[in-house]
Structures are given as C-alpha cells and as structure tokens.
Amino acid sequence: MIKQAIFIKSAADKTGWIIDEIPEIVFVGRSNVGKSTFINAISNQNKLAKVSQIPGKTRLLNFFDINNGLFRIVDAPGYGYAKVNEKMRMDFAEMMEDYLTTRTNLKGVCMLVDLRHKPTNDDKEMYSFFKSIGLNVLLVATKLDKVKKNDIIKNEKMIKQELKMNSDDQFVKVSSPDKKTVIGIYQEFINLLERE
Ligand SMILES: Nc1nc2c(ncn2[C@@H]2O[C@H](COP(=O)(O)OP(=O)(O)O)[C@@H](O)[C@H]2O)c(=O)[nH]1
Ligand SMILES: [Mg+2]
C-alpha cells in the first residue's frame, strides 16, 4: 500500500521536470472525473491533491513521491473543460505531448473515466494517443457508488467498447469515498510499472 505520499513540486514545462531514474505514473482524466479525490483516497490523505480547484485552471504537472522514491505519481491537468480558451488548450496539449512522448521516467498512465457516462471524445483521443505511443494504461472508472447495481457491468462494457480498449490494459471500478474499493489499486500500480 501507499505508506508515504509527499508533494514534491509543480512544473509548468520541461525545465521543471525532475532529473533522476525514478519511474512515474501519470494520472489523467477530464475535469471533475474525481482525480484529486482518488489520489487522496489511495494515499490516505485529505488534502494531498487539492480537491476541486477551479476546474481547468491548473496547467501544471504536479509531482508526488510515493513510498520514499519507489515511484512518482504525476498529476496532470484535467482536460476537456469547455470554459478554457483555445490558447490554454494549446498550451496544455503541447506540455502534455512533450511529457508523454519524451519523458523516459514515464512507465504508464492511470486514466480516469466516470463509470456513469460514455467516454468523451477527449477521453477517446487520449486513450488512442497513449496506445499509439506504446504506453500501458490502467483504466480507473470512478463514482461506482453512483451507478445502479444493474448498470455496472453494462457501463463497464460500454466504456471498454467506446475506447476500443486493449485487453492487456486493466480496468478497475472505484468509489473514492469507499476505501474498500481502492485497496487493490496499489498492486495495479506495481503491475503497471513492471509491464514492458
Ligand atoms: N459519489 C462520488 N463522488 C465522487 C467520487 N470521486 C469524486 N467525487 C466527487 O466529484 C467531484 C469532483 O471531484 P474531484 O476529485 O475534484 O475531481 P477532479 O477535477 O478530477 O480532480 C467532487 O465533488 C468529489 O467529491 C466518487 O467516487 N464517488
Ligand atoms: Mg482535481
């Protein structure tokens, strides 16, 4: 499990990235999907990733040290927020592409989607981009508690289909307020780090 999680720094561009050999998992998802809540839940902290900052305004990569240098979580800005202007979208896309395509520390992606909804076009584009550059993805479907029992399997299938999800990638369903649902996640991160 995550015994220790510490915020290290934010970076607006490449000059802020950390130079060492520690592997990184980048967390992505559209704004409001529950990314900050999830990061807090898996690290047993209340305020590690600030929940509900002004949506879409965070244009920084945030680096967190996990278990004393075992790996890092890199929290990326939420994408697909309608209110950001074109310039902000471009800056975000540029920074993300730079990070995703050139960062040698990057070992995998933890991508969050809302279990209640169809993936957005942004979700589909992001996932297919990850696959096109050979990144392994752990898909985390959030807000399990908001989905009717009868819809859970149906929605999981729908999301996998919409994303054209690779069967080698793992799919997990969580409700961040319910700690039981995030217990197995740590092992999924380790598996992601150990995949080729
Ligand atoms: N019911 C429920 N609400 C959640 C869950 N995860 C996040 N939320 C709520 O969804 C909203 C957005 O969460 P936040 O973590 O700020 O999303 P972010 O923009 O992706 O970082 C907040 O009101 C959270 O309390 C979940 O698993 N279940
Ligand atoms: Mg957030």
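Observations on the model:
- Reach of Lys148 by Cα under 25 Å, taken over lysines that are not fewer than 8 positions away in the same chain: Lys35, Lys118, Lys124, Lys157, Lys160, Lys164, Lys173, Lys179, Lys180
- Relative contact order (%) - the chain, alpha-carbon pairs under 8 angstrom, separation at least six: 25 percent
- Its relative contact order, with pairs defined as Cα atoms under 8 Å and 6+ residues apart, puts the range 138-196 at 48 percent.
- With all protein chains kept in place, the per residue accessible area of the chain amounts to 53 square angstrom at a probe of 1.4 angstrom.
- Largest to smallest accessible area among Met1, Met90 [probe 1.4 Å]: Met1, Met90
- Within a Gaussian network of the chain (alpha carbon springs, distance under 10 Å), most fluctuating of Ile19, Ile42, Ile133: Ile19
- Net charge over other residues, Cβ less than 10 angstrom from the Cβ of Arg195 (K, R count +1; D, E count -1): -3
- Accessible area of Arg72 in the full protein assembly, 1.4 Å probe (Å², nearest 10): 10 Å²
- Placing unit charges on each Cβ (+1 for Lys and Arg, -1 for Asp and Glu) gives the chain a dipole about its Cα centre, and among Asn150, Tyr127, Ile18 the Cα reaching farthest toward its positive end belongs to Asn150.
- Simple Cβ-charge dipole of the chain, Lys/Arg +1 and Asp/Glu -1, about Cα centre, in debye nearest 20: 880 debye
- Carbon plus sulfur fraction of accessible area for the chain, probe 1.4 Å, in percent: 51 percent
The values are calculated or read from the model by the stated rules, or taken from the named source; none is laboratory data. Values in this document were obtained by computation on a predicted structure and should not be read as measured data. FYI the Cβ positions are ideal-geometry reconstructions off the backbone, even for glycines, and counts take in every protein chain you see. Heads up: the accessible areas ignore ligands, DNA and RNA and are worked out on the full protein's heavy atoms, side chains in. Shrake-Rupley method; radii C 1.70, N 1.55, O 1.52, S 1.80 Å.
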